[in-house]
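Input: a single structure, listed below in structure tokens.
The values are calculated or read from the model by the stated rules, or taken from the named source; none is laboratory data. Remember, predicted model here, so these are calculated numbers, not experimental data. A quick note on method: Cβ atoms are made from the backbone with ideal geometry, for glycine too, and the neighbour counts reach across all protein chains shown. All accessible areas refer to the heavy atoms of the entire protein, side chains included, with ligands and DNA or RNA removed. Shrake-Rupley method; radii C 1.70, N 1.55, O 1.52, S 1.80 Å.
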Amino acid sequence: MILRARGGDIEIRSAANDGTIPSRAVGGAYAGMSVNSDAIAGVPAFDAAVRFASQAVAKLNMRVWTGEGSDRVKVASGWQAKFFESDGPCPDQSWFEFWELVEASLTARRNAYVWRTIDRGQVVALWGLHPDQVMVDIRGGRILYRVVVGGGWTDPVGVTSLRTVEVDAGTMMHIKGPGGGGRAVAPTPVELFRRTLGAALAQESWQEGLYTRGTGGGVILSFPLELSHTKAMEAKELWDASNAGLENSHGTRVVSGGASVNSVGLTAEDAQFVESVNLSVEQIARITDVSASLIGGGKGIGQNGGPISPEHEATRWVQYKLVPRLERIEAAFRRDPSLFGPGAVNYPMFDNPDPVRGDRITEDTIRHQKVQRGTLLIDEDRAIDGLPPLPDGQGQIPQITPVGGAPNQAPAPPPAQQE
């Protein structure tokens, strides 16, 4: 039995006759819509969630560390440290582009693929691949990867024309997202949430039809029995030409032939248009694990059930959404035998996410308290505002303020030497 997984579609082939055995519904249709990865990518809320998550990861830097807790220090030597501090993982991608693609693949497809180029036992390049480039084959318990390269796809091989190459786990790093359990390939959101995503696509189609028709729903033209079918169809075409579309949405409607007009279906008001859009964003936020308030939906700041402040919103994102994403990627790179592997003293870890920032008054108060505690030097505080250091090293003296006391006095400058 061979499992073939590519992008958002999975099929199972029999090794005996190479016939296709249908797997669980992955693509297909729901609510009259074709549900697949390409279609879902066109849903604005889904695209916003993927972009938000991938760019949040991409702006961070992975570095090499050693030690734990207070003993943890950044490693500056060694080929791994130099590799992660280079301008990019491969000639065609910057680190930002690389991490953006890795996290976008995990959020949108729950599987990310990285091609390693190894020379003399050391990784000299990492190539982030689009999930649609990779097909996973399982043959007799061995995992193989068939990769489409060239012809516009990322090309770690260096071919000029489109072709397919087959590699094993020694070349391909597969980062599996949540929900896979014991499966070799994690199920995609399309596979897990086809009904919910199909409803979101149907909503998009309904909105498009609303604006195209210029009416809240369909209409029925009722004609007297003596009117022939041909004449009735001519009247229908005349109605569509003069009433459908945005340009006619607020015009005066006229119909001939003694017809009466009745609406059918839901109007925008009946469908509670705004509420339905918000529901779609909420559902996609749960699927992508990105807070709805960060992609234009959900409860607003200060509303019941929403974040109580911008700082609270940022804290929830970093602690509950971003950090688990970083740890998933770090774990994959740490256990990779080509980079670190079991027993390695050093390990990869992203720089800490940007600290949660408050308003200007709050930020200034926090910096003032840090200066008084001695955890922030005056020169460091001035540098944040783009100011030069104080003269004679005065800004390098910790200004520790005892409880109820005054800051440490700066030492008097040494007396001028007499010639």
Which of (1) at pLDDT 75 or above; (2) surrounded by 12 or more Cβ atoms within 10 Å (Cβ to Cβ); (3) assigned to a loop (DSSP other than H, G, I, E, B) is the odd one out, the single condition residue 394 does not satisfy?
(3)
Restricted to the range 49-70 and to residues being of a type in the set (Gly, Ala, Ser) and open to solvent by less than 20 Å² (accessible area, probe 1.4 Å), the residue nearest to residue 82 (Cα to Cα) is 58
Being under 30 Å from residue 105 (Cβ atoms), at pLDDT 75 or above and surrounded by fewer than 16 Cβ atoms within 10 Å (Cβ to Cβ) is the requirement here; does residue 155 meet it?
no
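Residues checked against (1) at pLDDT 80 or above; (2) of a type in the set (Phe, Trp, Tyr); (3) under 25 Å from the mean Cα position of the chain (by Cα):
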| residue | (1), (2), (3) |
| --- | --- |
| 5 | no, no, yes |
| 20 | no, no, no |
| 39 | no, no, yes |
| 70 | no, no, no |
| 73 | yes, no, no |
| 82 | yes, no, no |
| 102 | yes, no, yes |
Would you mind stating whether residue 166 is within 24 Å of the chain's Cα centre (by Cα) and either of a type in the set (Asp, Glu) or at pLDDT 95 or above (or both)?
no
